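Read the figures in this text as sums done on the coordinates, not as results from a lab. Treat the numbers as computed from the prediction; the structure is a model and nothing was measured. Cβ placement follows ideal geometry from the backbone for every residue including glycine, while neighbour counts extend to all protein chains displayed.
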Amino acid sequence: MTTLNPLRRSFFTVCFSVATVLSAPVYARLVRIEITSRQTPTFDGNVFGKVGAYEKLRGKAYGELDPDSPQNTLITDLKLAPRNARGMVEYAMDIYILKPIDLTKGAHKLFLEVNNRGGKLVGGFNKSSGGNDPTTAADAGEGFLMNRGYTLVWNGWDPSAAPVNNNLTITVPVATQADGSPITGPSYEYIVYDNATAKGYTLAYPTATLNKNQATLTVRPHLSDSPTVVPTDGWEFVDDRTIRLLPAGTPFQQSAIYEFSYTARNPVVAGIGFAATRDFVSFLRYATTDDAGNPNPLANDVQFTYSFAISQPARYLNDFQTLGFNADEQGRRVLDGIENWLGGGSGIGLNIRFAQPSRTERNRQNHLYPEALFPFAYPVLTDPFTGKTAGRLGACQTSNTCPKVFEVNSANEYWVKAASLLHTDPKGNDLPDPDNVRFFLVSGAQHGAGNGASRGLCQQFQNPTNAEPLLRALFVALDDWVTKGIVPPSSAVPRQSTGTAAVALPQPGSQTGLIPQATLGWPTIPGVTYTGLITTRYQLDFGRSTEQGILAINPPKVDGRPVYTSFVSKVDADGNEIAGVRLPPVAVPIATTTGWALRRAEYGENEGCEGAGQQILFKATKAERLAASDPRLSLEERYPSHKGYVEAVKASAQRLQQQRLLLPEDVQQYIRDAEASTVLK
């Protein structure tokens, strides 16, 4: 994976008492909102059912935070940020709104998509390519959300998001010592380029010194290898934000793992990103004007609020809940419903000094960042390794602001991000579902839909299983749960209690674990390598000051650290997962689909292929299967004919509709796709 540079991701969930959350006499707020452009109508004037046409508003919002308010004291380094004449800490963020022109015809429901590194990914909901500045009728696609009258909003929250391509950004201050001198501290960079052309690397934060003897660069071909120190005459600082190998022009070795430890300076107060979303949604929901009298464009309209997030921002919302930001400073609920897709059992590490929120851990990458520290699950639990007690629900239960939540994950999140810890204790024991949370595994899916005609860096073709039909149905169920109290579909995940969990074994001296082939039930498929590689969640030691959001040891200590138990779904004779929501491509398979994959020789052979999965097609005929010694039945042995295959898909999709896991229009699409396929034609 090519490592992105500025400010990536890290995490520390500070488990403060939230008993004081409702007591602050001064409220943080958006003090000014500026609509800098308005397109009326947008989407080429397309009319969405009875809702009518939409308009697009773009602008800036300016907020301020009282660093002495109990609601904000948990924001790392906020008290070390510069203050204005009122003693407040200021920030500014981009905002973006798509709303019915006539709000009275809308649903009076706000749909917040928490952007991913500044970008909008909601297009799949509307069956469109989306884009980062949706404008045309094509950008609206089938208009799933607009036909239902939702107002769609976005705000900047990620200080590392680059100000390009219509990204949403946020400007937050740099923290300094009380005397105005720079803050310094240990910082760490994991550097991998899956090409042989990269000749420089940009650091997330400037170095405090150009003295190379106070920094360390190491390299290793594979994660299982011991790092070798690159001598100081083998690299240099180009400037205080850039390093390169020597002699100048030497590229980084393709797919080799470089790690750089140095002393950084000038941390931004990244945790403000949580307060920014809190105060933006609260303003749209509850305010009529800003301090200057500028109107709230949604004043007196919003009755219910929802969020949707994919991957990085789903992890952000996990921490958003844990840290208590779903209560605004007047103690009101911010989000009523949350649908998280691909968040895994992780947070984001935004609320730490020298945060890198764009980082994400997978089988081979970024294991030593504080993305995923206890707590992982929603109930309040005690960490057996540290004695700390916390849970994602701790804060909202105190303030009575808990949202309804759907945590939806692909198989990849179970293999590479320990997603099972969302619904188990740290020892891997099943937990009962909280009253307000449901969990879903999309069986056999990779991290998003892959290109089934491409291998990328991997040994096999990627997995094209698409979860968007399920996500749409679940969002409708979430809305019904919030607005009508209709009980949602039951959780569908692997459990120890049902015998569907294959438990990972930690590997001493490694940052990964192993699931034995027999434990998983994996068939031996000719031409397919199985290693059982899985990400292992360690209890990492960043030093005692981690409680204050400061990493004293960075990178952390790993050797000898205890491991939190995690697991994945067992598989059937085809290698397809037996637990979770089995969409038609898994329930009526033409291939083995997995959430894990392995890298090809030139990219770190047999190491994890990060977010990718696999599609390993069945043979068409019994004769072809026997000739290849493939233990999996061929297509002709499974389905009597093309028509038989279509009928099986139809039955599978209709069962899911009855369970409220597919909408009628998506059932019909599955049937049309099956009819158009070449299976047994």
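Worth pointing out:
- Protection proxy ranking, highest mean first, for peptides 511-524, 307-320: 307-320, 511-524, where packing is the per-residue count of other beta-carbon atoms within 10 Å, averaged.
- Across the alpha-carbon atoms of segment 34-129, the computed radius of gyration and Dmax are 18.1, 51 angstrom.
- Summarising the strand pairing of the chain, around 75 percent of its internal DSSP beta bridges are antiparallel.
- Panel values: segment 353-455, Kirkwood radius from alpha carbon pairs, Stokes-Einstein at 20 °C and 1.002 mPa s, translational diffusion coefficient 138 µm²/s.
- Working ranking of peptides 180-187, 86-93, 265-272 by packing, defined as the average number of other Cβ atoms within 10 Å per residue, highest first, is 265-272, 86-93, 180-187.
- Whether segment 403-480 is rounded, prolate or oblate, judged on the alpha carbon gyration tensor where a/c under 1.5 counts as rounded: oblate
- When the convex hull of its Cα atoms is viewed from all sides, segment 243-384 shows a mean projected area of 13.3 nm².
- Answer label for P(r) over Cα pairs in 10 Å bins from 0, in percent (calculated), chosen among [x] 3, 14, 22, 24, 19, 12, 5, 1, 0; [y] 3, 15, 26, 26, 19, 9, 2, 0, 0; [z] 3, 12, 19, 20, 16, 11, 7, 5, 4, 2, 1, 0, 0: [y]
- Distance (nanometres) between label positions extended 7 Å along Cα→Cβ at residue 606 and residue 524: 1.6
- Working note: 222 nm ellipticity from helices only, DSSP H runs with n ≥ 4, each -39,500 (n - 2.57), summed and divided by the residues of the chain, gives -4500 deg cm²/dmol to the nearest 500.
- Within segment 184-265, percent of DSSP bridges classed antiparallel, to nearest 5: 100
- With Cα atoms defining each centre, segment 107-149 and segment 156-234 are spaced 33 Å apart in the structure.
- Model label points for residue 135 and residue 620, set 7 angstrom from Cα along the Cα-to-Cβ axis, are 4.6 nm apart.
- Equivalent ellipsoid dimensions for segment 54-103 as semi-axes, Å, which come from the Cα gyration tensor, largest first: 32, 11, 9
- Using C-alpha pairs under 8 Å with a sequence gap of at least 6, the mean separation divided by the residue count of segment 500-555 gives a relative contact order of 27 percent.
- Stokes-Einstein D for segment 431-538, Kirkwood Rh over Cα pairs, 4 °C, 1.567 mPa s (µm²/s): 76
- Gain in span if fully extended, residue 166 to residue 211, counting 0.36 nm per residue against the direct Cα distance: 12.4 nm
- Ranked by how many other beta carbons lie within 10 Å on average, peptides 35-41, 347-353, 325-331, 450-456 from highest: 347-353, 325-331, 450-456, 35-41
- Extent along the principal axes, Cα only, for segment 184-265: 31, 27, 21 Å, with the longest axis given first.
- Of 79/120; 105/484; 619/643; 50/127, those spanning more than 22 Å from alpha-carbon to alpha-carbon: 79/120
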